[in-house]
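Written out below as structure tokens is the structure these notes cover.
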There are 2 protein chains.
Amino acid sequence: MSTEPSTPPQVTSADVARAAGVSRATVSFVLNDTPGARVSEATRTRVLAVAKELGYVPHAAARSLRAGRSDLVVVPVSVSAIGRLFSEWVDEVETALGRRGYTVVLHGDRTSDPVAAAQVWAQLRPAAVITVNDSRMTAEAAKVLERAGVRAVVAGAAAPVEGVFTFVGDQSEIGAAAVGHLVERGRSRIGVVMPAERGLSAFAQPRLVGAQRAADEHGVTITPLPMRYTDDAASALALLCRELELDGVFGYNDEYAALLSAAFGDHGVAVPQDIAVVGADDLVLGQVVRPRLTSIRFHLPSADLLAEAVDRLVHDGTAPDLPRVWFEVVARQSS
Amino acid sequence: MSTEPSTPPQVTSADVARAAGVSRATVSFVLNDTPGARVSEATRTRVLAVAKELGYVPHAAARSLRAGRSDLVVVPVSVSAIGRLFSEWVDEVETALGRRGYTVVLHGDRTSDPVAAAQVWAQLRPAAVITVNDSRMTAEAAKVLERAGVRAVVAGAAAPVEGVFTFVGDQSEIGAAAVGHLVERGRSRIGVVMPAERGLSAFAQPRLVGAQRAADEHGVTITPLPMRYTDDAASALALLCRELELDGVFGYNDEYAALLSAAFGDHGVAVPQDIAVVGADDLVLGQVVRPRLTSIRFHLPSADLLAEAVDRLVHDGTAPDLPRVWFEVVARQSS
């Protein structure tokens with residue numbers, strides 16, 4: 001069914017002013033709780049009642065234009081490219097910021113150039129921007145945001161970024177931990193899954209770099225393994241791993257690792273006897289599959305600490321450092 | 001590391017006007033490409049160059065205040081509560097709307113009261129709001145949005161909603177399809193998993209209603225099974241199913257169904273011989289586990305059709321109906 005083609009009966013603050021018999025300034029004072037504005041209690045009550053009756057909702061952007069600051073927080077993230085653990089953390093961050101009076105919006109992270117992306121976010125004039133994946137925030141992008149009045153530019157990144165409140169979390173440590181564990185288990189010909197799906201290379205590339213670093217240290221070889229997240233692609237890759245006589249695989253994350261591990265089973269390649277498999281992100285999925293999946297768990301700063309830092313940055317321009325993201329191996333049956 | 005505690009050097013259109021030696025109105029005409037405004041090509045070029053040099057980004061909200069319309073589309077959705085199939089569709093919708101000049105933001109869907117939620121979205125003064133889960137959009141909530149000038153109020157819902165451009169998709173049909181399939185497989189004591197995680201009851205409740213409807217039709221019994229998405233909870237529930245002598249389970253979705261199916265295996269309950277298991281959403285996960293999971297696949301309107309409808313609603317106030325969401329059983333080894 002369709003809406004009526006007529007113009008919608010949009011209600012403005014002028015309508016409220018007219019119906020309440022007061023000026024638009026008075027309506028604005030009341031609805032925005034302007035400090036120091038002298039409005040009688042009777043007028044305040046009448047304006048609020050009329051606004052409610054007419055169904056008037058204040059305009060956040062107009063309010064922030066007048067107040068000179070916004071309550072909007074932009075979190076650039078692509079919903080399909082993040083794992084369950086991570087998406088739950090994003091939800092918690094939203095809740096924690098909501099409790100502090102912020103409205104969080106997620107913006108799909110489509111633009112590959114960090115400065116161009118920052119220009120899009122800057123147009124929303126948010127109070128804060130929080131990026132959570134490597135290479136998304138640069139010093140130049142931060143300047144664009146700063147010039148647009150963004151008070152808190154926060155980024156999770158492998159190393160501190162100039163002009164950015166950085167919480168350090170180095171994805172390459174995940175790859176290094178996985179390969180270190182496989183070497184401990186006596187493996188020396190190690191494959192590293194590189195997902196073909198869009199949006200994932202920002203995570204996959206540093207994981208590969210860390211895997212290579214650990215492999216160099218231990219004198220073992222790394223083979224990058226391109227894979228799509230489909231049953232057929234996993235099946236073909238399992239056969240290739242057998243042909244290459246690999247004895248260990250770091251599967252990028254638990255989803256890819258579990259899919260590949262199932263394909264090994266189908267082709268009679270025993271996990272972990274013939275080939276050990278390690279995932280990452282410690283999803284519940286790793287405990288759904290048999291053999292249960294060894295994984296790398298990561299520990300992000302708590303949502304509440306992050307929200308507190310954002311609020312401090314918005315109000316004071318400074319905040320105490322957040323704890324570094326850290327990783328640990330959770331050994332199970334697949335390695 | 002922290003940003004400097006000094007006030008950021010915010011660049012405004014007044015700075016651009018001063019540096020270019022023109023009025024603020026001229027800056028506005030140039031940067032907003034105002035139709036009919038007479039600005040010489042030389043001035044236009046100078047203003048654009050100065051804006052670029054100073055790093056000035058137009059304010060989307062201020063521009064929409066002037067233009068009387070916004071390019072913002074709000075999609076209320078909780079990132080952790082949606083499956084992979086669905087989140088990929090949301091990503092595609094973002095891309096399709098982006099191609100038509102809209103900026104899509106996702107807003108976490110925290111408020112349980114539809115009108116209160118609509119008031120939060122209305123404050124952003126978007127051009128469009130798209131809700132995608134049952135019971136999220138009501139006629140009252142749509143009125144709040146309409147009064148705030150939202151041109152396109154679009155909802156996926158089980159039945160048409162007054163004043164809303166509805167694309168119909170009835171989650172209860174998923175539960176009905178799952179139970180119908182289990183009955184075909186000779187099952188009569190059927191459990192229906194009810195996830196305990198927040199944000200999921202909007203999907204789980206109608207699925208249970210549909211399961212009950214089909215059970216009544218076929219003269220079989222339904223037992224609701226509360227479950228958390230953890231290994232231990234699945235293990236306890238598997239034992240309970242055995243005690244209750246259930247012979248079929250609809251697992252809410254593929255994730256819960258796969259976790260429960262693995263727990264049956266651990267306790268020596270054979271799937272599908274002792275108990276048949278059906279998931280939903282047809283995630284790749286269903287092909288990762290052994291036995292492979294029977295699932296219910298759903299077919300949403302294409303992202304491009306939806307984006308086109310939004311654009312038509314914004315500009316013309318009307319759009320052709322979208323196809324109804326439909327479901328099919330994908331039978332695999334678990335049933």
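The values are calculated or read from the model by the stated rules, or taken from the named source; none is laboratory data. Since we're looking at a predicted model, the values are computed, not measured. Counting neighbours? That spans all protein chains shown, and the Cβs are built from the backbone with ideal geometry, glycine included. When the accessible area is computed, the model is the full protein with side chains, heavy atoms only, and any ligands, DNA or RNA have been set aside. Shrake-Rupley method; radii C 1.70, N 1.55, O 1.52, S 1.80 Å.
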Next item on the list: Check cross-link reach from B:Lys52 to the lysines: straight Cα distance under 22 Å, and skip same-chain residues fewer than eight apart.
Entry: A:Lys143
Notebook entry, point to check: Given label points at 7 Å from Cα along Cα→Cβ, what nm distances, shortest first, separate A:Pro226 from the same residue in every other copy?
Noted result: 5.0
Next item on the list: Report P(r) for the range B:89-236: all Cα-Cα distances, bin width 5 Å, range 0 to the bin holding the largest distance, values in whole percent.
Entry: 2, 9, 15, 15, 16, 14, 11, 9, 6, 3, 1
Next item on the list: Measure of size requested: the Rg and Dmax of the range A:159-198, with Cα atoms as the atom set and Å as the unit; please supply both.
Entry: 14.9, 44
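Give me the compactness ratio for the range A:235-335, meaning the Cα radius of gyration over 2.2 N^0.38 Å. Present the calculation step by step, with values, prior to reporting the outcome.
Numbers: Rg = 18.9 Å, N = 101, 2.2 N^0.38 = 12.7 Å.
Against the empirical 2.2 N^0.38 Å value, I get 1.48 for the range A:235-335.
Just to be sure I understand: if I project the alpha-carbon convex hull of the range A:232-294 onto a plane and average over all orientations, what area do I get in nm²?
Numbers: hull surface 14.4 nm².
Computing the convex hull of the Cα atoms and averaging its projections yields 3.6 nm².
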Margin query: Could you work out the percent of alpha carbon pairs in the range A:202-272 separated by over 15 Å, rounded to a whole number?
Written below: 54 percent
Next item on the list: Summarise the accessible area of chain B (1.4 Å probe, protein heavy atoms) by the percent that is carbon and sulfur.
Entry: 51 percent
Next item on the list: Let me know the mean shielding of A:222-234 by other chains, meaning the per-residue number of their Cβ atoms within 10 Å of its Cβ.
Entry: 1
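When Cβ neighbours within 10 Å are restricted to other protein chains, what is their mean count per residue of peptide B:118-130?
Numbers: counts 2, 3, 4, 3, 6, 10, 8, 7, 0, 0, 0, 0, 0.
Per residue, the number of nearby Cβ atoms from other chains is 3 on average.
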Note to self: Net charge around A:Val50, counting only other residues with Cβ within less than 14 Å of its Cβ (Lys, Arg = +1; Asp, Glu = -1)?
What the structure shows: +4
Notebook entry, point to check: If you find the alpha carbon centre of the range A:131-184 and of the range A:211-244, how far apart are they in angstrom?
Noted result: 27 Å
Notebook entry, point to check: P(r) tail for the range A:13-58, what percent of Cα pairs lie past 15 Å?
Noted result: 28 percent
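Which order do the peptides A:222-235, A:306-319 come out in when sorted by mean C-beta neighbours inside 10 angstrom, highest first?
Details: A:222-235: 17.0, A:306-319: 19.4.
Those peptides, ordered most packed to least, come out A:306-319, A:222-235.
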Check: Taking the protein assembly as shown as the region of interest, what is the percent of Cα-Cα pairs per 10 angstrom bin, listed from the shortest bin to the one with the maximum distance?
Finding: 3, 14, 22, 24, 20, 11, 5, 1, 0
Check: How are the Cα pair distances of chain A distributed, in percent, across 10 Å bins from 0?
Finding: 5, 22, 23, 19, 14, 8, 6, 2, 0
Next item on the list: Please give the average number of partner chain Cβ atoms lying within 10 Å of the Cβ of each residue in A:279-292, rounded to a whole number.
Entry: 4
Item checked: Shortest-first nm distances, B:Ser40 label point to equivalent points in other copies (7 Å, Cα→Cβ) -> 5.7
Checklist line | Nm distances between copies for A:Ser302, ranked from closest, using label points 7 Å along Cα→Cβ | finding: 4.9
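I'd like to know how the range A:172-298 sits against the 2.2 N^0.38 Å rule of thumb: what's its Cα Rg over that expected value?
Numbers: Rg = 12.8 Å, N = 127, 2.2 N^0.38 = 13.9 Å.
The reported ratio for this selection is 0.92.
Based on DSSP H runs of at least 4 residues, each adding -39500 (n - 2.57), what is the mean residue ellipticity at 222 nm of chain A after dividing by all its residues, to the nearest 500 deg cm²/dmol?
Values: 13 runs with 148 residues, N = 335.
-13500 deg cm²/dmol, from helical runs alone.
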Next item on the list: With only alpha-carbon atoms counted, please give the Rg and Dmax of the range B:91-176, in Å.
Entry: 13.0, 40
